[in-house]
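Participant: Structure provided below as structure tokens; questions to follow.
Nothing in this text is a laboratory measurement; each read-out follows from the coordinates by a stated rule. If you're wondering where the values come from, they're calculated on a predicted model, not measured in any experiment. Cβ sites come from the backbone with ideal geometry, for glycine too, and all protein chains shown count toward neighbours.
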Amino acid sequence: MRRAVFPGSFDPLTNGHLDIIRRSAPLFDEMIVAVLNNLEKHPMFSVEERCAMIREVLPTVDTSDCKMFVESFSGLTAEFAKSRKAGAIVRGIRAVSDYEYELRMALMNRRLEPEIETVFLMAGEEYSYVSSTLMKQVFELGGRVAGLIPELVEERMRAKNSE
Ligand code: PNS
């Protein structure tokens, strides 16, 4: 049984995240999309809202035969992965600029849990500049984000803005 954890803030889910899920799913039997409940940050969406959106959008993605789960977590990713008996942590790399941060994180996670490997996947080049932060910024300033985030996420962002 090959089980992986795909951790992130997912505030909000982007098509870049979905691209990494689609690419990594065939490598595993089970994957847990793990949504960080970061109490220090002020996210646009609550952790429950982020999990709900991922659950709603996941069926639109070809995840091969990989069984998908969505869970929130607090604390260390490595500890969460161990608690779920995952053998791998999946992360996407968009550009060279991601590499340094991701390398530091992967090495720290390996130090914490030597049995768990980080598996890096290269995002499709069409998503190489897509980040949740940029999507929120562009959306809030009235720019077009269609094609870069799922339609459902865009709808929820619109609803959030008019709250
Ligand atoms: O989507 P993001 O914000 O790039 O994801 C970052 C995330 C959630 C993977 C990272 O911040 C994380 O693992 N946080 C949990 C705390 C932790 O384990 N920190 C040590 C990592 S070296």
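Participant: Under a Cβ-only charge scheme (Lys and Arg +1, Asp and Glu -1), can you give me the dipole magnitude of the chain about the Cα centre, in debye to the nearest 20? Walk me through the numbers on the way to the answer.
Facilitator: On the way: 21 positive and 25 negative charges, 58 e Å.
Dipole of the chain, to the nearest 20 debye: 280 debye.
Participant: Within the chain, how many Lys pairs sit with Cα atoms under 29 Å apart, leaving out pairs fewer than 8 places apart on the same chain?
Facilitator: On the way: LYS41/LYS82; LYS41/LYS85; LYS41/LYS136; LYS41/LYS160; LYS67/LYS82; LYS67/LYS85; LYS136/LYS160.
For the chain, qualifying lysine pairs total 7.
Participant: If you don't mind, another one. Considering the options CYS51, LEU112, ALA86, tell which one lies farthest towards the positive end of the dipole of the chain, charges being +1 on Lys and Arg and -1 on Asp and Glu at the Cβ, about the Cα centre.
Facilitator: Checked the options; the winner is LEU112.
Participant: Run the helix sum for the chain: -39,500 (n - 2.57) per DSSP H stretch of 4+ residues, divided by residue count, reported at 222 nm to the nearest 500 deg cm²/dmol. Working shown, then result.
Facilitator: Working: 6 runs with 65 residues, N = 163.
Helix contribution divided over all residues of the chain: -12000 deg cm²/dmol.
Participant: Over 15 Å, how big is the tail of the calculated P(r) for the range 1-69, in percent of all Cα pairs? Can you show the working numbers first?
Facilitator: Values: 1159 of 2346 pairs.
The answer is 49 percent, as a whole percent.
Participant: Roughly how far apart, in whole Å, are the Cα centres of the range 60-82 and the range 43-57?
Facilitator: 14 Å
Participant: Right, here's the next one. Which value, in Å to one decimal place, does the Kirkwood hydrodynamic radius take for the range 3-161 when every pair of different Cα atoms is included? Numbers along the way, then the final one.
Facilitator: Numbers: mean 1/r = 0.0627 Å⁻¹.
One over the average 1/r among Cα pairs gives 16.0 Å for the range 3-161.
Participant: Dividing the alpha-carbon Rg of the range 85-137 by 2.2 N^0.38 Å yields what?
Facilitator: On the way: Rg = 12.7 Å, N = 53, 2.2 N^0.38 = 9.9 Å.
This ratio for the range 85-137 stands at 1.28.
Participant: Which of the peptides 15-28, 45-58 is most tightly packed, and how do the rest follow, judged by the mean count of other Cβ atoms within 10 Å per residue?
Facilitator: Numbers: 15-28: 20.4, 45-58: 18.3.
Highest to lowest by the protection proxy: 15-28, 45-58.
Participant: Neighbour counts of other C-beta atoms within 10 Å: give me MET122, MET1 arranged from fewest to most. All intermediate terms of the calculation are to be shown ahead of the outcome.
Facilitator: On the way: MET122 14, MET1 7.
Ascending Cβ contact count within 10 Å gives the list MET1, MET122.
Participant: How do GLU79, GLU151 line up, fewest other C-beta atoms within 10 Å first?
Facilitator: Values: GLU79 14, GLU151 11.
Final ranking by Cβ density, sparse to dense: GLU151, GLU79.
Participant: Helix 151-161 against the longest principal axis of the chain: what's the angle in degrees, Cα atoms only, rounded to the nearest 10?
Facilitator: That works out to roughly 60 degrees.
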